[in-house]
Every structure is written in C-alpha cells, then in structure tokens.
Amino acid sequence: MKNKTANPLWQKIVSPEAVALMKLIHSFHRGILPAEIGKNILEALKPFINIVCSALILDGLIAGESAASVMKIVCWMVSLNLITALLIALLDWLRKSYLDVWCISQKKFSERALQLDYERLEETETRDMIRMHDETRNMYGGIPGFCEDVGRTVKSFFSIVYSFGLMLPFFFTRTVQGKGMVAYLFTSPVSSVLVLAVLTASIYFSLIFFKKKERKVKEYWEYSLDFTRKFRYYHFLISKYQNGKDIRSYHMSDLLYKGFQEVGRGCSAFLSRQAKLEEIIGGNIIIISQIAVPLFYILVGMKALFGAITVGSILQYVGALSSFYESFTSLMTDLTEMNICANYSKCEIDFFSIENKKYEGQLPVEKRDDNEYELEFRDVSFAYPGTEKKILDHVSFKFKVGSKLALVGKNGAGKTTFIKLLCRLYDPTEGQILLNGIDIKKYDYQEYQSLFSVVFQDFKLFSFELGQNVAASVDYEEERVWDSLDKAGIGDRVRRMKGGLQTVLYQAGDDGVEISGGEAQKIAIARALYKDAPVIILDEPTSALDPISEYEIYSKFDTLVSDKTAIYISHRMSSCRFCDNIAVFDNGTVREMGSHESLMKKKGLYYKMWESQAKYYSEKQMKEVPSFAG
Ligand code: ADP
C-alpha cells in the first residue's frame, strides 16, 4: 500500500527545515528572499542570452543573410544583456546584504527573547536553542548565510532549467530520410530518447549519491559542532580576564592545555576519515553525472553532419549541455549547504515557535492612597519546571504593605524561590498568591511587576552608563539618580568618577570602569530605590559589603524604606530582629513565624539559629547591628 505520508520528491531535495526557515525569514521581512531569488534567476539567465544569440548570428552568417539582419541579432544581444544587467543591479540594490539580514534577524531574535516568560527563558531547551543559535551563526552563517545559500541554489536550479530549455529542441529535430540507415538512426527520435534516458538515469543516481553525501556532511558538521563547542569553552576560559586570577593562583594552565589537546586528538581521526568519504562520494557524483556527455556530443555531431540541425545549433546545444552539468554539480553542493545550514538553524524555528504559558490578566492594580495592600500566600507549593522536588511545600501566610518581613533559614530552604514566585517570575504549581484578595494572575503582568523593587542575590549590572543602570532606562532624572546613589552610600564614589553618571560600567569600551562587588551591590540597591515601588525586596543585600558599609545601609534602612513594605533575606540574624514579622523557612515550609521576641520565647528553630550565630558574635555585636526597622 502506498504510504500516504511520504514526502513528495521536492521535499526530499529541499528539506522541510529549509522550507520552514524560508517562511520564518519571510515573516521577518518580506523583501529579503524575493530580491535574493529574483537577482539569482536573472544572473542564471545572463550566459544563455549570449549562447542563443551567438548561435543565431553564426547561422545567419553561414546562411549568407544580410548584414542588417545579423546586426539586428547583435542589437538584441546587447540590449538583452543591458536590460538584464540593469535589473540585476536594481535587485542587488533592493536585496538585503549579509549584514542587513544579520541585523534584521538578530533584532527579531532579541525581541523574541525579551518577550519570553522568564520561566520559559530559563528552561534548558530554550537555553540550548539560544546556544545553538550563537554556534550556528558563528560557524555556519545562520540566517544570513542561509539566504546566500538559497540564492546560490536558485541560480544553479535556474541555470539547469534554462540549459534544459535550450537543449529541448534537440530532442525534436527532424528525421533525415533517404540518406541511409546510419543517418536515419542518428536523426530519429529513438536516439534522442535513448540519450535522454541515460541523462535522466545519471541524474537520478547522482541524486542518490548527493543524499548520501548530505548525510555524511551532516555527520561531520554535527561532530564538528561538538568539538568546536569544547574548543570555544576553553578559549572562553582562557581569554576572559575575570578567570585569570583563579587560573593563575591554582596553576590551572596544565589542566586547560591538556583539555585542549584531548579535544584536538579526538576529532582529527574522525575528521580525516569523514573528509575522505566525502571526497569519494563527491567523485562518484561527478563520474555518474558525466556518463551521458559523450553520447550527447556524438549525437549532436551526427545530427549536424546529416543536416538535421544547423551549425549554429551545435554551439547552442554544446553550450547548454556543459552549462547543464556545471549547474547540476553546483546545485548538488548548494543544496547540501542550504539543507545543512537550515538543519542547524532549526533552533531559530523552534525558538520562534516557543509559546508563553503564563496567563496574563487584564485587571489594573489598584493605586491606593492609603497604601493598604495585603499580599497572601495561600497553600502555595512549587517545583521548578522539569523537576519533581517541591521547593515550596504548602506555604501559607499574609503580610501587609508597610510592614517589614524578614525571611531566614538555611541555604536552599526556598527563600529566594518564594521571592521569585511573589514577583511572578514563576507561577505556583499548587495554591494561590493573592493581592488584596485577588489572584495575582488576574492582574496586568506589567502593572503587577511594577509593585516590586528587587535586589536579587545574583543581581546584574550592565555595561551601560551608570545613570542608565540605576534608572534602568536610557533617559533618567539625574537628581533622582544622585539621590538614590547617596541613599545607597555610593554617591561620593560616583562623584569622583571622571564621567559621573555617564561613566560606563565594566570594560565594554575603552573608557569602561571596573567596580568592586560591594560597589556594584550599592548601585543595585540604588536601582531598587530609584524604581520607588511600594514593595522593596532585598535578597542578601549586604553580602558583598564591608562592615562599615553594611552598618551604614542597615542604619539608614528605615529612611530608605520609609512606609514601603520591605521583604528581606539575611543570614545576619541580628539584622532581622526588629522586623514586624520573621518567617523561618525550613526545607520548603514556613516552620515558624512571628516577631523576634515571640520566636525567641518559642525556643524553636529561630532560637537555635540565633543562639548558634551568637556564639561567633559578642552580645554587643548582636544587638548593635541596627535593623532596617530602626
Ligand atoms: P534559598 O534562597 O533559601 O537559599 P533557593 O530558593 O535559592 O534557596 O533554592 C531552593 C532550592 O531550589 C535549592 O535546592 C536549589 O537548588 C533549587 N533551585 C533554585 N533555582 C532552581 C532552578 N532554576 N531550577 C531548579 N532548581 C532550582
């Protein structure tokens, strides 16, 4: 029974990935592919104008036609060449260059990455797609390289079509009769059909070898992708100056060098074997595809000899056949490259088809003058996507805006995860988070997020101007930025920088400024203050600060936070003691909750944590570190 799902022939030749990638590129910009294709169709046509016209001129001269009629053909030839050249120039101008396509596709990719839910962005599959996108772009040209491959394939394909078109009359020439058996045989349709059959068979077998070659090249590229990834990693380790300290102080150069050597040794044997195989298959394609050539030439010569075709036609048919084979061989290579490039750019297609899962409500977040907001976790459980383990396990509690909440607990207890859920970077697996009694999913996502200023433990500053980092925007109010920097205790340091707020952080350009971990933490705190959201969340906000800066931050916290809700994660127990509420996290659950005094009286986990820390600090130190509640 015939397999109904079998791919049509053209799909076996042009891979489905290539078709899907063409559609994607077309959705980026409608002009990229049509201009590229149009230009290459015309480029393929150019040589045939000259072949046809030359044959006509030769026939005209042999037949003794008038100079005027021969000149007419010459004029046609010149005009057609001129028109084609002009059209090619126009399409070349309309066509997007490699760099243009690179910019367009990169812009689309970035837009899509920014639109993705954080949860989706963090998934291993998505990160793999992004990594593949970078790899294939660097190694195989990605989308811009693919567009050029499409252009070359189209050119080769149309050269075949034109040459076949020129060869076609050859198969319908008149049969010479009355000049003997030999003349009859060579000019009869049977001989033409025979040559056509050999031609078709040789093309068919070449296609089989072409597919084989494509598979081998694919294997080779796949393998090279793996080892170049490893090479890149070593290169990245060595070239990034931030790694230099550890590499030198632990004398790791030997380890890295050996790693390099091992990767190199492993791949060279495979690559040389693969290259040989490719050569053999490539050679087979050329031999098979050329089988019909001598037969065709003999037939052309004989037909001309017996008067079935003109002398000018010899020029036309021989030119068409050599162009046919040249284009056929190029088409095999171009198709392989196009299909393989599409195969590696498949990550682009997958990336653009990722769908956001997050439900986005429309409800506006109520702007309340009395700041009477209440946030509630109602029986919330959560496991990270793709994992089973519940990081939060039936967590329930409420807190009000204006109150100060401290989250304490061992590493890995689930405190940061709690913050991520609160800010809706993830949705709970079970249970609900409510703002003023309404599930946070029902609120407009952007509006809901604007309620929070967060300084994550692994916060990031970017290699932009310092002022832009604080304001998280290109334009900013300088006065407010200075005010936030002063409150975070880094204003004076920035004033001493030559560029002030325009100072670019890190070494992106010549004038980038390196800052210490503690300075970066203060700038991150300033960014949270500049946002001026009703809820400020600080996850280990002083871990990189020196004791004096830590003291300054804590002592000013009451002013910094003013009437906002503050949620605060700290391992320094003394800094939480004056919070309205302390939630003690243990293994994904909230084991205890209450004020410092009530939890101390309870003599539970909080008490134990407090006591064990007190062993390392004097009683005076435990009491002295001011809390953000004053
Ligand atoms: P805490 O802030 O209390 O130190 P976290 O909330 O950061 O703890 O982490 C709790 C647990 O969740 C840890 O065991 C950690 O390995 C796991 N975890 C954190 N982030 C992810 C993630 N993106 N995917 C899977 N597991 C994670």
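The values are calculated or read from the model by the stated rules, or taken from the named source; none is laboratory data. The shown structure was predicted, so the numbers you read here are calculated from the model rather than taken from an experiment. Positions of Cβ are backbone-derived with ideal geometry, glycine not excepted, and every protein chain shown enters the neighbour counts.
Going by the conditions given, is ASP458 among the charged types (D, E, K, R) and either in a loop (DSSP other than H, G, I, E, B) or crowded, with 20+ Cβ neighbours inside 10 Å (or both)? First the steps, then the outcome.
On the way: among the charged types (D, E, K, R): yes; either in a loop (DSSP other than H, G, I, E, B) or crowded, with 20+ Cβ neighbours inside 10 Å (or both): yes.
When the stated conditions are applied, ASP458 passes them.
Of all residue pairs spaced 6 or more apart or on separate chains, those with beta-carbon atoms under 9 Å, a first member in the range 386-410 that is free of Cβ contacts under 8 Å to residues at least 60 places away in the same chain and a second member that is part of a strand (DSSP E or B) and away from the ligand (no atom under 16 Å from the Cβ) are LYS398/GLU374; LYS398/LEU375; LYS398/GLU376; LYS398/ARG378; LYS398/LEU434.
Figure legend. Inter-residue proximity from the range 340-367: first residues farther than 27 Å from MET22 by Cα, second residues among the aliphatic types (A, V, I, L, M) and at pLDDT 80 or above, beta-carbon distance below 7 Å, spacing 6+ or different chains. Indicated pairs: LEU363/ILE438; VAL365/LEU451.
So for the range 183-196 (the condition being modelled with pLDDT under 85, closer than 30 Å to THR336 by Cβ, touching a Leu at 6+ places or on another chain (Cβ under 9 Å) and assigned to a helix (DSSP H, G or I)), does at least one residue qualify? Yes, the conditions are met somewhere in the range 183-196. Looking across the range 152-211, the residues that are within 30 Å of LEU33 (Cβ to Cβ) and among the aliphatic types (A, V, I, L, M) come down to VAL154, ILE160, VAL161, LEU166, MET167, LEU168, ILE203, LEU207, ILE208.
Residues of the range 391-413 being assigned to a loop (DSSP other than H, G, I, E, B), more than 10 Å from the ligand (Cβ to nearest atom) and either more than 17 Å from ILE569 (Cβ to Cβ) or hydrophobic (A, V, I, L, M, F, W, C) (or both), which ones?
So in the range 391-413, the residues assigned to a loop (DSSP other than H, G, I, E, B) come out as 391, 401-403, 410-413.
With the extra rule that they be more than 10 Å from the ligand (Cβ to nearest atom), the set shrinks to 401-403.
Answer for the range 391-413, where residues must be assigned to a loop (DSSP other than H, G, I, E, B), more than 10 Å from the ligand (Cβ to nearest atom) and either more than 17 Å from ILE569 (Cβ to Cβ) or hydrophobic (A, V, I, L, M, F, W, C) (or both): VAL401, GLY402.
Taking the range 116-155 on its own, how many of its residues are within 16 Å of the ligand (Cβ to nearest atom) and not hydrophobic (A, V, I, L, M, F, W, C)? Within the range 116-155, residues that are within 16 Å of the ligand (Cβ to nearest atom) and not hydrophobic (A, V, I, L, M, F, W, C) number 11.
Among the residues examined, SER484 does not qualify as surrounded by fewer than 20 Cβ atoms within 10 Å (Cβ to Cβ), among the hydroxyl-bearing types (Ser, Thr, Tyr) and away from the ligand (no atom under 16 Å from the Cβ). ALA275 fulfils the conditions (1) in contact (Cβ under 8 Å) with a residue 24 or more places away in the chain; (2) buried (at least 16 other Cβ atoms within 10 Å of the Cβ) except for a single criterion, (2). Just give me the residues in the range 214-273 being of a type in the set (Val, Ile, Thr) and under 24 Å from ILE130 (Cβ atoms), in sequence order. If the condition is that a residue be of a type in the set (Val, Ile, Thr) and under 24 Å from ILE130 (Cβ atoms), then THR228, ILE238, VAL263 are the ones that fit. Only residues that are away from the ligand (no atom under 16 Å from the Cβ) and either of a type outside the set (Ser, Thr, Tyr) or surrounded by fewer than 17 Cβ atoms within 10 Å (Cβ to Cβ) (or both) were counted across the range 562-592, and they come to 9. I'm trying to understand the selection: among the residues of the range 93-119, which are more than 27 Å from THR228 (Cβ to Cβ) and surrounded by 15 or more Cβ atoms within 10 Å (Cβ to Cβ)? Residues satisfying the conditions are ARG95, LYS96, ASP117, GLU119. In the set (1) within 16 Å of the ligand (Cβ to nearest atom); (2) under 22 Å from ASP580 (Cα atoms), the condition left unmet by GLY386 is number (2). The C-beta contact set for the range 524-553 (first residue under 17 Å from LEU461 (Cβ atoms), second residue of a type in the set (Phe, Trp, Tyr), distance under 7 angstrom, 6+ apart or interchain) comprises ALA524/PHE459; LEU538/TYR568; ASP539/PHE456. Does SER555 satisfy the condition of being modelled with pLDDT under 90, of a type outside the set (Phe, Trp, Tyr), surrounded by 14 or more Cβ atoms within 10 Å (Cβ to Cβ) and in a helix (DSSP H, G or I)? Yes, satisfied.
The test for being at pLDDT below 90, buried (at least 20 other Cβ atoms within 10 Å of the Cβ) and of a type outside the set (Phe, Trp, Tyr) holds for ARG137. Which of (1) under 23 Å from LEU451 (Cβ atoms); (2) away from the ligand (no atom under 16 Å from the Cβ); (3) at pLDDT 85 or above does ILE537 not meet, given it meets every other one? Condition not satisfied by ILE537: (2). Would a scan of the range 432-453 turn up a residue that is in contact with a strand residue (DSSP E or B) (Cβ under 8 Å, 6 or more places away or on another chain) and of a type in the set (Asp, Glu)? The answer is yes, given that some residue of the range 432-453 is in contact with a strand residue (DSSP E or B) (Cβ under 8 Å, 6 or more places away or on another chain) and of a type in the set (Asp, Glu).
Taken over the range 374-392, the residue count meeting the criterion of being of a type in the set (S, T, N, Q) and either surrounded by 14 or more Cβ atoms within 10 Å (Cβ to Cβ) or over 30 Å from the mean Cα position of the chain (by Cα) (or both) is 1. Return the residues of the range 303-354 that are within 26 Å of GLY165 (Cβ to Cβ) and part of a loop (DSSP other than H, G, I, E, B); say none if nothing qualifies. The answer is PHE306, GLY307, ALA308, ILE309, THR310.
Across the range 424-476, what is the number of residues that are of a type in the set (Lys, Arg) and within 16 Å of the ligand (Cβ to nearest atom)? Don't jump to the end; show me each part of the working.
Of the range 424-476, the ones of a type in the set (Lys, Arg) are 424, 441-442, 460.
Checking the rest, the ones that are also within 16 Å of the ligand (Cβ to nearest atom) come to 424, 460.
Here the count works out to 2.
Condition first: away from the ligand (no atom under 16 Å from the Cβ), among the small types (Gly, Ala, Ser) and surrounded by 20 or more Cβ atoms within 10 Å (Cβ to Cβ). Can you find one or more residues in the range 168-188 that meet it? Reasoning before the result, please.
Just the residues of the range 168-188 that are away from the ligand (no atom under 16 Å from the Cβ), to begin with: 168-188.
So of that shortlist, the ones also among the small types (Gly, Ala, Ser) come out as 178, 180, 183, 188.
From what is left, the residues that are surrounded by 20 or more Cβ atoms within 10 Å (Cβ to Cβ) are none.
Looking through the range 168-188, none of the residues is away from the ligand (no atom under 16 Å from the Cβ), among the small types (Gly, Ala, Ser) and surrounded by 20 or more Cβ atoms within 10 Å (Cβ to Cβ).
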